[in-house]
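Here is the structure we will look at, set down as structure tokens.
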Amino acid sequence: MDTRFLESFIAVARRGSLVGAAQQLNLTATAVAQRIRSLEEELGVALVERSGRTVRPTEAGHAILSRSEAFLASLRDLRTAALGSAISGELRVGAIATALTGLFPGVLGELAQAHGGIELFLQPGTSSDLYDKVTRGALDVAAIVRPAFDLPKAADFRSWRRERLVLLAPGDEKRDDVAQILRSRPFIRYDRQQWGGRLAADFLTGAGIRPIERFELDALDAIAIMVDRGLGVSIIPDWSGPWPGGISVRRIALPAPAPTREIGLMWLRNSPRGHLIRVLVDQALAPKPALNRGEDAPEYPS
């Protein structure tokens, strides 16, 4: 059996369309369909069915989906083991949005130049989702916010960046009193389902402040744009960037003790790709010039 046929089937099942799978695999939709047909002929059953533009697994398709993913993962592990300590192979990396856009690009460029044999698969997600995928072995390593609970003993976590939470206000806001601003302006809440959003919620609770809530969003760049438009203020991490261009906002320090979001890399110690994970971690944590003033500066001008 050609493993590429299984990869195509999994992509179609997960993306829900031939076009989506084709984009993921860098193929044409026709080529993906041909691979699915070849797999169905080999197994003797229909694996997918169409419903309008959506393609979904049949009962037989669902029956082999998880086993197919496990089989391909085992095959990748065999290849990695056969390579021994060679710096080559596939590495599945997850990252929260701000780490993917602000922290990883430089690291990935350096890694590709130094170790061209490493094939990286990148997956964005929330900290909780990526945490689950690392612990289940679906991802090798992920850049996440450190959770409030203890990590499993089988997991490692290395701190990468600490980001103070700040009050984000429109550029024309002249006041510095955080409580006064929060009580007088509409509030755009950082999603409490995000681990960083829970830090903001805990700060408000601890300070006894109940703002006039207007929106709740999980995208930090969207929050920054809304604040620039005068739609409200927000408490968010002073993330590494890039920030949206052309906005005028103030980043005002919260009163002590200001909460801090800690971003780090998490992986399982017994991973068969441990030597590749170490290469990535060492590259990411190597000393570099500061991306911005981060937690060292209590307030930023617009």
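Could you order the peptides 180-193, 222-235 from most to least packed, using the average number of other C-beta atoms within 10 Å per residue?
Answer by packing, highest mean first, reads 222-235, 180-193.
Using a ≥ b ≥ c from the Cα gyration tensor of the chain (square roots of the eigenvalues), is it rounded, prolate or oblate, where a/c under 1.5 gives rounded and otherwise the larger of a/b and b/c decides, a/b for prolate?
Prolate.
Restricting to Cα pairs below 8 Å that are 6+ residues apart, what does the relative contact order work out to for segment 163-260? Please round to a whole percent.
Rounded, it is 49 percent for segment 163-260.
Students often check this: by mean Cβ neighbours within 10 Å, which of 26-33, 165-172, 148-155 ranks highest, and how do the rest follow?
With the highest mean Cβ count within 10 Å placed first, the list reads 165-172, 26-33, 148-155.
Which value in nm describes the separation of the simple spin-label points at R4 and S74, placed 7 Å from the Cα toward the beta carbon?
The answer from the label model is 2.4 nm.
Can you list residues from other chains, or at least 5 along the same chain, whose modelled amide H is less than 5 Å from the amide H of I236?
V166, L168
Once the mean 1/r over all distinct Cα pairs of segment 163-260 is inverted, what Kirkwood radius in angstroms do you read off?
Averaging 1/r across every pair of different Cα atoms and inverting gives 13.1 Å.
Quickly estimate the mean residue ellipticity at 222 nm for the chain, helices only: each DSSP H run with n ≥ 4 gives -39500 (n - 2.57), and the total goes over all residues, rounded to 500.
For the chain, the value works out to -13000 deg cm²/dmol.
Report relative contact order for the chain in percent, whole number only (criteria: Cα-Cα under 8 Å, sequence separation at least 6).
20
Taking the highest mean first, how do the peptides 46-57, 242-253, 136-147 order by number of other beta carbon atoms within 10 angstrom per residue?
In descending order of packing, they fall as 136-147, 242-253, 46-57.
Over segment 221-285, what portion of Cα pair distances is larger than 13 Å, expressed as a whole percent?
That fraction is 73 percent.
Shape verdict for segment 3-82, please, from the Cα gyration tensor: rounded (a/c under 1.5), prolate (a/b greater than b/c) or oblate.
It is prolate, given that a/c is not under 1.5 and a/b is the larger ratio.
Among R164, R278, which comes first, second and so on when ranked by fewest other beta-carbon atoms within 10 Å?
Result, fewest neighbours first: R278, R164.
Mind sorting K133, K174 by how few other Cβ atoms lie within 10 Å of their own Cβ, fewest first?
The most exposed by this proxy come first: K174, K133.
Values in this text are rule-based calculations from the coordinates and carry no lab data. It should be emphasised that the depicted structure is a prediction, and the values quoted were computed from it without experimental measurement. Cβ: placed from backbone, ideal geometry, glycine included. Neighbour counts: every protein chain shown.
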